[in-house]
Each structure stands twice: as structure tokens, then as C-alpha cells.
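J.: Sharing a structure below in C-alpha cells format, with a few things to ask.
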Amino acid sequence: MTASYLVELKDWGLHVRLQGTLSLEQRNAVARQVEAQCTALGARGIPWSGLVELDRFEADGFRPEIVVALMRLARRCGQLRCAVVMTNWDWASVMAEVMIAAGIDDQARIFVLAEVLHAGSKLAGELEGGPAAEFAGMDSAMAWVLNGGLVPLVSKAA
């Protein structure tokens, strides 16, 4: 699998996609872009949402302190809620710990989804080759991003 990343602004907020094994340089570039986009979104002065996809993501030398700092920045810049979508339970556990450390477990949700083509998704055209094309059940994550609602919380017991 080719390693790639995407950081883009959407009308609803920030979309970040990390795919494959990213080098340290690539992860640093992602962090800089996320920081810049969060600052830009904060300057708009309106609340926004985030969607982070980890598609077969691997990171040798994972630095949770960088992710904690970015999550705290996003909150200060007006992020209301964030969905983190992945297919790996081990990464879900790591991300839950990071969310708790960042103090954003009240506004972030982790969605661990089956990696199956879901052609009937209502969101198939929403992100153009993005999450709906590759994750079954993405509708629930996007519903959280766009509307909030009732989704189980990350807990310290998890």
C-alpha cells in the first residue's frame, strides 16, 4: 500500500486522512497542515467539526504528545466534535488514551468500522473517493460529524 495523507477544509470543517505507513517527515507535514487549518477555521469564528480517517495507518515512533497538542488546538479553535474512523482496534485503544489525555473525550468519538465497500451509502458522493467508498458504516460517523447526537462516549474504562 502506498502511504499518503490528505488535509482539507470542507464546508463543515476539517477532513484528515492518513493512509499506510507514513514517514516522520510526512507526519510532521500533516501536523503543520492541521495546525494551519485549525487556526484558519478558528479565525472564521464559527463552530466546526472534524473527520479523521486512519486507513491501514501505521506509525513507527508514534508521538501521542503531538496528537494531544493538535486535539487541544482544535478545541481552542472552535471544533465542536470530531469523528476518528478506523478499522484497527489496537489503534482505537491508542486514540482513546490520546483523547482522554487531551481532555476532549467529551467531543470526540471513535468509529471502528469494517473495511468493506459500501456502494449503497448515502454519502458515496460526499467525499469523492473518501471514507464512504471504503468503510462500511461510514454513515454513522458522518452523521456524528455533521449533526452530533447520541454516540457512546470514550471512557477511561475503555
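The values are calculated or read from the model by the stated rules, or taken from the named source; none is laboratory data. Note that the structure is a prediction, hence the values are computed from the model and not measured. Methodologically, a virtual Cβ is constructed for each residue, glycine included, from the backbone with ideal geometry; neighbour enumeration extends over all protein chains shown. For accessibility, only protein heavy atoms count, side chains too; no ligands or nucleic acids. Shrake-Rupley method; radii C 1.70, N 1.55, O 1.52, S 1.80 Å.
J.: Looking only at region 1-46, which residues are among the aliphatic types (A, V, I, L, M) and open to solvent by 70 Å² or more (accessible area, probe 1.4 Å)? Steps first, answer last, please.
T.: Let us first name the residues in region 1-46 that are among the aliphatic types (A, V, I, L, M), namely 1, 3, 6-7, 9, 14, 16, 18, 22, 24, 29-31, 34, 36, 40-41, 43, 46.
The answer is Met1, Leu9, Leu24, Ala43, Ile46.
J.: Could you count how many residues in region 19-48 are within 19 Å of Tyr5 (Cβ to Cβ) and part of a helix (DSSP H, G or I)? Lay out the reasoning, then the answer.
T.: At the first step, the residues of region 19-48 found to be within 19 Å of Tyr5 (Cβ to Cβ) are 19-41.
Checking the rest, the ones that are also part of a helix (DSSP H, G or I) come to 24-41.
Residues meeting the conditions: 18.
J.: For region 49-61, what are the residues that are open to solvent by 60 Å² or more (accessible area, probe 1.4 Å) and free of Cβ contacts under 8 Å to residues at least 40 places away in the same chain?
T.: Residues of region 49-61 that are open to solvent by 60 Å² or more (accessible area, probe 1.4 Å), as a first pass: 56, 58, 60.
Of everything in region 49-61, those that are open to solvent by 60 Å² or more (accessible area, probe 1.4 Å) and free of Cβ contacts under 8 Å to residues at least 40 places away in the same chain turn out to be Glu58, Asp60.
J.: Taking the residues in region 64-108 that are of a type in the set (Gly, Ala, Ser) and touching a residue at least 40 places away in the same chain (Cβ under 8 Å) as candidates, determine which candidate is surrounded by the fewest Cβ atoms within 10 Å (Cβ to Cβ). Before the answer, list the steps.
T.: Taking region 64-108 and keeping what is of a type in the set (Gly, Ala, Ser), we get 69, 74, 78, 83, 92-93, 96, 101-103, 108.
Retained after the next criterion (residues that are touching a residue at least 40 places away in the same chain (Cβ under 8 Å)): 74, 83, 93, 96, 108.
Working: Ala74: 29, Ala83: 23, Ser93: 13, Ala96: 19, Ala108: 25.
Among those residues, the one meeting the criterion is Ser93.
J.: On to the next question. Can you pull out the residues in region 54-82 that are in a helix (DSSP H, G or I) and aliphatic (A, V, I, L, M)? Quick ask: steps written out before the conclusion?
T.: Within region 54-82, the first condition is being in a helix (DSSP H, G or I), and the residues that meet it are 64-76.
Result: Ile66, Val67, Val68, Ala69, Leu70, Met71, Leu73, Ala74.
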